[in-house]
1. Return yes or no: is residue 38 free of Cβ contacts under 8 Å to residues at least 60 places away in the same chain, within 16 Å of ligand 1 (Cβ to nearest atom) and within 22 Å of residue 182 (Cβ to Cβ)?
2. Answer yes if at least one residue in the stretch 281-288 is within 16 Å of ligand 1 (Cβ to nearest atom) and touching a helix residue (DSSP H, G or I) at 6+ places or on another chain (Cβ under 9 Å), and no otherwise.
3. So, in the stretch 201-228, exactly how many residues are touching a strand residue (DSSP E or B) at 6+ places or on another chain (Cβ under 6 Å), farther than 22 Å from residue 280 by Cα and without any contact (Cβ under 8 Å) to a residue 60 or more places away in the chain?
4. In the stretch 30-54, which residues are within 16 Å of ligand 2 (Cβ to nearest atom) and in a loop (DSSP other than H, G, I, E, B)?
5. Restricting to the stretch 144-176, give me the number of residues that are in contact with a helix residue (DSSP H, G or I) (Cβ under 7 Å, 6 or more places away or on another chain) and more than 21 Å from residue 230 (Cα to Cα).
6. For residue 70, work out the one condition from (1) without any contact (Cβ under 8 Å) to a residue 12 or more places away in the chain; (2) surrounded by 21 or more Cβ atoms within 10 Å (Cβ to Cβ) it doesn't fulfil.
Ligand code: NCD
Ligand code: ZN
């Protein structure tokens, strides 16, 4: 990484270890915003109408992404999608083996009802059949990616991550060889738990959770374009996330959770949850790390720690950011990007 203060940053291309590419037509529209800075990205499997559940789905979805890549960029794009499947109550060990053979490197659990497209999410983490599924993942060397929230009765949305943490602890201790990622950690308690657990546990952090508190979602009018799961939380949570992301602790790395939804779906009476950050991601992260006085830690967060946890070689290409103010467009295709209409300090070259 080469930093010329206030002028230019040249750094290794990113691994975005949590990204939503959706299906066409949105897929073709949003993919180039990620491939401009990332050489690899975890393609989340909560697509609709076809979710990614089996080896067959993995092959089909990878193909869809590769076709979109050809349409949307010069064919030489330095990009590889990292494939996943959704783990549901009926995901068997055999399905794990097949998905693995088809190239899936991780399985994602959405607990029932906690987020976009989790309507068929996991109900029970500890029934024997699903424990067999997790054993199979451990045997195959597949990672377990957890949306770490539980929708319990009389539990506020801001307490859902806290409600999930005992499950994380139990799984981490029961499966010490299974690599587990607490996706988009959003609370101080979540950070503390990941720090305390063994080396088999890590967490992704998004750029928007490094900027927002609940006040930015509902404290000054209701701002649908800041609405996401897990919900941004309190100031001490924001501080803990900033500290973890810039700490140099390899347990914390980038997963943008860039999650585009068409504008009309976000702005309706029941707005969809998810923030589209890909169009501003490296620019925004540079601004955040610079403000923390930790620009020198950015590359490890975006391009080293994730690859090392996943057991992947480091990316070889670089991107360059220059200090040059710009205003984020109000809309990109059918989607309103994060920070629409506001100024950013760094610009991708
Ligand atoms: C994501 C989506 O839109 O698919 N939404 C979100 O609020 N983050 C799903 C997810 O990662 O929870
Ligand atoms: Zn997500």
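1. Numbers: free of Cβ contacts under 8 Å to residues at least 60 places away in the same chain: yes; within 16 Å of ligand 1 (Cβ to nearest atom): no; within 22 Å of residue 182 (Cβ to Cβ): yes.
So residue 38 does not fit the description; no.
2. Just the residues of the stretch 281-288 that are within 16 Å of ligand 1 (Cβ to nearest atom), to begin with: 281.
Then keep just the ones that are touching a helix residue (DSSP H, G or I) at 6+ places or on another chain (Cβ under 9 Å); that gives 281.
Checking the stretch 281-288: at least one residue is within 16 Å of ligand 1 (Cβ to nearest atom) and touching a helix residue (DSSP H, G or I) at 6+ places or on another chain (Cβ under 9 Å).
3. Filtering the stretch 201-228 for residues touching a strand residue (DSSP E or B) at 6+ places or on another chain (Cβ under 6 Å) gives 201-205, 208, 228.
Filter once more, keeping what is farther than 22 Å from residue 280 by Cα: 201-202.
Keeping just the survivors that are without any contact (Cβ under 8 Å) to a residue 60 or more places away in the chain gives 201.
Residues in the stretch 201-228 being touching a strand residue (DSSP E or B) at 6+ places or on another chain (Cβ under 6 Å), farther than 22 Å from residue 280 by Cα and without any contact (Cβ under 8 Å) to a residue 60 or more places away in the chain: 1 in total.
4. 44, 45, 46, 47, 48, 51, 52
5. Residues that pass the stated criteria total 1.
6. The number of the failed condition is (2).
For every residue, the table says whether it meets (1) over 16 Å from the mean Cα position of the chain (by Cα); (2) modelled with pLDDT of 95 or more; (3) closer than 17 Å to residue 338 by Cβ.
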residue	(1), (2), (3)
169	yes, yes, no
187	no, yes, no
245	no, yes, yes
257	no, yes, yes
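So that you can scan it fast, the table gives a plain yes or no per residue for (1) within 16 Å of ligand 2 (Cβ to nearest atom); (2) not in a helix (DSSP H, G or I):
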| position | (1), (2) |
| --- | --- |
| 18 | yes, yes |
| 21 | yes, yes |
| 28 | no, no |
| 56 | no, no |
| 70 | no, no |
| 77 | no, yes |
| 83 | yes, yes |
| 96 | no, no |
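The values are calculated or read from the model by the stated rules, or taken from the named source; none is laboratory data. The model shown is predicted, which means the values in this text are computed figures rather than measured ones. No Cβ is skipped: glycine too gets one built from the backbone with ideal geometry, and neighbour counts run over all protein chains shown.
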